[in-house]
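A short write-up of the structure that comes next.
Nothing in this text is a laboratory measurement; each read-out follows from the coordinates by a stated rule. Here the structure is a predicted model, which is why all the values come from computation and not from measurement. Every residue, glycine as well, gets a Cβ built from its backbone with ideal geometry; the counts of neighbours run over all protein chains shown.
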Amino acid sequence: APLPLHAVRGEILHFLSDPAIHGEAAIEHFADGILAIRDGRVAELGPAEDMLAKLPSDVVLDDYRGKLILPGFVDTHIHYAQTDIIASYGEQLLAWLERYTFPAEARFADPAHAAAVASFFCDELLRNGTTTAMAFATVHAASADALFEAARQRRMRLITGKVLMDRNCPDFLRDTADTGDAESRALVERWHGRDRLLYAVTPRFAATSSPGQMARAGRLFADHPGLYLQSHVAENRGEVEWIARLYPEARSYLDVYDGFGQLGPRSVYAHCIWLDDTDRARMAATGTAMSFCPTSNLFLGSGLFDLASARAQGIRVGIGTDVGAGTSFSMLQTLNEAYKVLQLNGQRLSAESAFHLATLGGAESLYLEDRIGNFLPGKEADLVVLDPQATPLLARRTAACPTLDERLFVLMMLGDDRAVAATHVLGVPAWRR
Ligand code: GUN
Ligand code: ZN
């Protein structure tokens with residue numbers, strides 16, 4: 001006998017492609033829709049009237065009428081070990097790392113601390129409607145174990161890796177080229193491809209890895225088809241100058257990573273602010289993705305991301321909160337700040353493009369669009385339910401919005417975790433307000 005169906009009813013919106021390219025054809029919207037889920041995957045989607053006629057009588061139906069159902073958000077850059085230093089005052093990148101980040105990350109030598117923070121972190125993602133994240137752990141292998149385990153218990157899709165850093169950081173946070181490589185390979189064996197978990201080779205940035213460690217990281221990335229790589233590039237001007245001194249032979253900061261075989265599909269770089277068109281062409285040609293982290297870029301005073309140039313070159317771009325330099329776990333608040341960063345850069349971000357970035361665009365930047373990012377049949381049924389009436393101001397403002405586009409824009413400007421009424425992972429509620 002077929003398994004009982006699970007279904008959700010409400011206003012449903014998802015993207016079939018990029019609305020910046022394909023316009024209205026990129027968007028599928030049901031004012032009153034039903035999404036049917038079997039075995040954690042999307043079975044079928046359609047107008048409620050049609051779906052009600054064909055659903056079996058034993059279907060479990062969650063009624064979210066009056067609310068908006070979207071694919072779960074995809075956060076393409078975040079640091080779980082920085083949860084407890086979010087909103088730390090006064091510094092730009094390099095001083096912020098020394099003063100706040102490294103001491104906080106040192107505490108992850110204690111597996112009990114790592115487990116406690118990993119649990120809080122995953123719950124906080126779900127409270128904010130984020131069902132997939134690409135996250136940094138710390139230099140401690142057990143910190144990656146702790147995050148994988150917390151995500152596994154919640155059945156989330158999660159990409160992480162042990163940080164590689166063997167120089168220019170405190171002694172108590174250093175690995176070596178050998179131990180970093182061996183511990184990473186052991187973690188790949190333990191976790192990569194288990195349930196919904198994937199491993200990312202994680203050189204923190206070119207300043208904190210020796211050329212020897214950078215070469216080993218590039219080799220590991222190439223050795224296993226399907227592995228990810230995550231790092232930071234061209235975030236802060238002081239950082240860019242430092243990299244130029246550390247790697248005088250490289251043409252640019254990005255070229256350092258290129259020289260060590262660290263570009264390619266499933267390689268994701270946070271920030272990407274101080275790049276030139278040669279760098280961007282190289283990212284496009286290699287299929288390397290950018291993670292745009294607006295709240296972090298404003299908080300650390302790093303600079304303004306250039307989305308128009310990335311788009312013009314056809315580069316895959318996702319959105320990242322970059323907690324703890326980022327100031328919110330909320331993808332809605334992150335889209336709000338993305339809009340403002342682009343305003344300062346003379347560019348626009350439509351609400352449709354913003355929600356595309358947070359869902360299908362993010363999935364594409366992680367090469368996961370065959371599994372997540374929208375509600376096509378067979379996809380993993382991760383979804384977020386947004387309440388346009390979550391606060392008195394949201395209710396008042398959205399009541400005056402005649403179009404979907406205007407409502408979405410108000411939700412991303414005024415919404416935060418309060419607007420997340422529920423989050424489902426593989427069809428099942430994982431959070432309810
Ligand atoms: N560059 C190297 N490490 C970090 C980090 O932890 N956060 C940010 N925002 N940039 C970095
Ligand atoms: Zn980061």
Global form of the stretch 295-400, assessed from the alpha-carbon gyration tensor, a/c cut-off 1.5: oblate
What ranking do C272, C122 get, fewest neighbouring Cβ atoms within 10 angstrom at the top? C122, C272
Relative exposure of F30, F305, judged by other C-beta atoms within 10 Å (fewest first): F30, F305
Compute the whole-percent fraction of alpha carbon pairs in the stretch 52-185 spaced more than 20 Å apart. 54
Only Cα pairs within less than 10 Å get springs; with that Gaussian network setup on the chain, which residue of G415, G287, G346 has the largest fluctuation? G346
Taking Cα atoms, the helix 277-286 axis meets the longest principal axis of the chain at an angle in degrees (rounded to 10) of 70
How high is the relative contact order of the chain, in percent, counting Cα pairs under 8 Å that sit 6 or more residues apart? 19
For E380, net neighbour charge (Lys/Arg +1, Asp/Glu -1) across residues whose Cβ lies under 13 Å away: +2
What dipole magnitude, in Debye to the nearest 20, does the stretch 84-329 give about its Cα centre under +1 on Lys/Arg Cβ and -1 on Asp/Glu Cβ? 700
Alpha carbon centre of the stretch 1-41 versus the stretch 157-219: separation in Å? 37
GluC sites (Glu not before Pro) in the stretch 220-316 lying in a DSSP loop, each with at most 15 other Cβ atoms within 10 Å of its Cβ, come to E249
Rounded if a/c under 1.5, otherwise prolate or oblate - the stretch 84-329, Cα gyration tensor axes: rounded
Relative to the chain, whose Cα atoms define the longest principal axis, helix 237-246 and its Cα axis are tilted in degrees, nearest 10, by 40
Please rank H224, H14, fewest neighbouring Cβ atoms within 10 Å first, as an exposure proxy. H224, H14
Relative to the longest principal Cα axis of the chain, at what angle does helix 331-344 sit, 0 to 90 degrees, rounded to 10? 70
Listed residues F108, L220, G324: farthest to the positive end of the dipole of the stretch 84-329 (Cβ charges): L220
How many angstrom separate the Cα center of the stretch 371-433 from the Cα center of the stretch 123-156? 22
Rounded, prolate or oblate: which fits the chain when a ≥ b ≥ c are the square roots of the eigenvalues of the alpha-carbon gyration tensor, with rounded for a/c under 1.5 and prolate only if a/b beats b/c? prolate
With +1 at each Lys and Arg Cβ and -1 at each Asp and Glu Cβ, the charge dipole magnitude of the chain around its Cα centre, to the nearest 20 debye, comes out at 280
